[in-house]
Amino acid sequence: MLNPFDIVIFGGGGDLSLRKLLPAMYRAYQEGNLPEGTRIVPTVRALANEQEFIDKVQESLKSFLAKGEYNAKDWKAFSTFLKPMVVNVTEQDDNWLQLKELLESDADDKARVFYYSLPPAVYGRCSELLSDNQLITDTTRVVVEKPIGYCGASAEEINAKIAEYFKESQIYRIDHYLGKETVQNLMALRFSNVMFENMWDAKTIDNIQISISETVGLESRAGFYDKAGALRDMVQNHLLQLLCLVAMESPNKLTAKSIRTEKLKVLEALRPLVDADVEANTVRGQYVPGQLDDKLVPGYLEELGENSETETFVAIRAHIDNWRWSGVPFYLRTGKRMKKRCAEIIVEYKNVSHNVYDETVGGIEPNRLVIRLQPEESIQLTLMSKRLDNLEMQLEPVTLDLDLSKNYENGFHSDAYKRLMLDAASGNASLFIHRDEVRQAWAWIDPIINHWKTAGMPALYRAGTWGPDDADELLAENNHTWYNAG
Ligand code: BG6
């Protein structure tokens, strides 16, 4: 069991905190993973009345927790962990002294987590104020939210600023995809099953697709999203992290250092896409009005209320230039307002080296492994089999279908933030991102962004579809097709 810790959530009244971070802590409490003596300190800019803020947290838990998770008894107990405070994260004032007093009222070696649920522009100043007020102890960790920067240079600047006050070992850069249990299962599948260990390279695999499709549109994030676009918002972090887990070599140990070293090697081996390569290997899209779940939804420009060339969809053909993956295309795809919400990794194997069956028994389809990360967690393996209801030899594809949630009597609630916040409190950095990974990911993304600056409008796709036709054509060039869920 974890020791008690203090977690200060800067930006504690913001959307992320109310939607994800505080519900995550409540779940930790319900599961018995929030030790007595832990203090959760959401900071806000102004607080007329502490009870008012606590009531607001209660309301948000009621609306953001899943059905059946909220109950008055647990809330009452959980609310005693909350110590809301006013802190101005860019100005020195007396509130910092109150925060200091609170934190120093407990043992010196109590783990202290500062969670920056703040715009990256103020990460540096907030770190400086923490340091000026001598709030950074040896057992302090800082959790930094994405996006770290809008390009390689701005990310470096932010990372350098934080590094003036915190050691790299104290900086926990979060990518919530790494906290998803199913994403961690990728490593478990690969590194604890000999059949995958031995069939995971260019000799056996033809191509790999990594796809995160969403049905939501802009939500209430127009200001942020229109500046970022899908490449920065999803590919630079979530998709590249999934790519790392799929493609990396086995770490020698399950330590943060070993895992990060292997992930970094994948990022370093990504073949750069520069100028004409960008044209040839990427597709940008933007949604226009369309039918989604039997409802007509507006297009991106209608939601935004102005003109924009921002992409809400990206498809990329990437290559990893190393011994294991030589010649294997990795197709990355993500988009808003697509037909279904789904995150999947699809591994398409090569065909058998010698086909003993002739055309009359039906063609042999290559094996396919589909690892679905959300919304349901499943693993499907498609194999060729003889039709058992036929005296003649006839082949057909059959699917081994494993629904992982069925392994648990009461299902399971995977909460990425809960896992990552508790990991930060216990000092386990293995699911967080090293500065070098951020740098390397941007080094691959920057030339794509630069090329796109003059590329004009993205290809249009109707909301409720799988993206623009250009994305299908990208795969057709290699005789491949997207595997579309359902
Ligand atoms: C966030 C992006 O990091 O991930 C959002 O900023 C996106 O635009 C979200 O909707 C998707 O996360 P999940 O866990 O719902 O797949």
Lysines with Cα under 30 Å of residue 350, excluding same-chain neighbours fewer than 8 positions away: 180, 203, 263, 265, 339, 340, 386
Alpha-carbon centroids, the range 118-196 and the range 239-259: separation in whole Å: 16
C-alpha center-to-center spacing [the range 287-352, the range 387-452] in angstrom: 16
Accessible carbon and sulfur surface of the chain relative to its total accessible area, %, 1.4 Å: 49
Prolate/oblate/rounded label for the range 235-295 (Cα gyration tensor, a/c 1.5): oblate
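I need the calculated FRET efficiency for the pair residue 88 and residue 483, taking r as the beta carbon distance and R₀ as 45 Å, to the nearest 0.05.
Numbers: r = 50 Å, r/R0 = 1.11.
With R0 = 45 Å, the Cβ-Cβ based efficiency is 0.35.
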Packing-based order for 324-332, 358-366, using average beta carbon neighbours within 10 Å, highest first: 324-332, 358-366
Protection proxy ranking of 57-66, 433-442 - average other beta-carbon atoms within 10 Å, highest first: 433-442, 57-66
Per DSSP, loop trypsin sites (Lys or Arg not before Pro) in the range 65-95 with at most 13 further Cβ within 10 Å: 67
Dipole magnitude (debye, nearest 20) for the chain, charges at Cβ of Lys, Arg, Asp, Glu: 560
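How large is Rg/Rh for the chain, to two decimals, with Cα atoms and a Kirkwood Rh?
Working: Rg = 24.1 Å, Rh = 24.3 Å.
Dividing the radius of gyration by the Kirkwood radius yields 0.99.
Where Lys and Arg each count +1 and Asp and Glu each count -1, what net charge lies around residue 206 among other residues with Cβ under 9 Å from its Cβ? Before the final figure, lay out each step's value.
Details: positive: 350; negative: 348.
Charge balance near residue 206 sits at 0.
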Under the Karplus curve 6.51 cos²θ - 1.76 cosθ + 1.60, θ = phi - 60°, whole-Hz ³J(HN,Hα) for the range 478-484, x wherever Gly or Pro sits: 10, 6, 10, 9, 5, 8, 9
Peptide ranges 135-144, 286-295, 21-30 listed from the most packed, as the mean C-beta count within 10 angstrom indicates: 21-30, 135-144, 286-295
Lysines whose Cα lies under 16 Å from that of residue 110, excluding same-chain neighbours fewer than 8 positions away: 100
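Please pull out the direction-averaged projected area of the range 5-174, using the convex hull of its alpha-carbon atoms, in nm² to one decimal place. Working shown, then result.
Numbers: hull surface 39.9 nm².
The orientation-averaged projected area of the Cα hull of the range 5-174 comes to 10.0 nm².
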Residues of type aspartates and glutamates that residue 56 reaches as a straight line, Cα spacing below 13 Å, ignoring anything fewer than 8 places off in the same chain: 15
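The values are calculated or read from the model by the stated rules, or taken from the named source; none is laboratory data. Here the structure is a predicted model, which means the values were calculated and not measured. With ideal geometry, Cβ positions are generated from the backbone for all residues, glycine too; neighbour counts draw on all protein chains shown. Remember, those area values only see protein heavy atoms, side chains included, never the ligands or the DNA or RNA. Shrake-Rupley method; radii C 1.70, N 1.55, O 1.52, S 1.80 Å.
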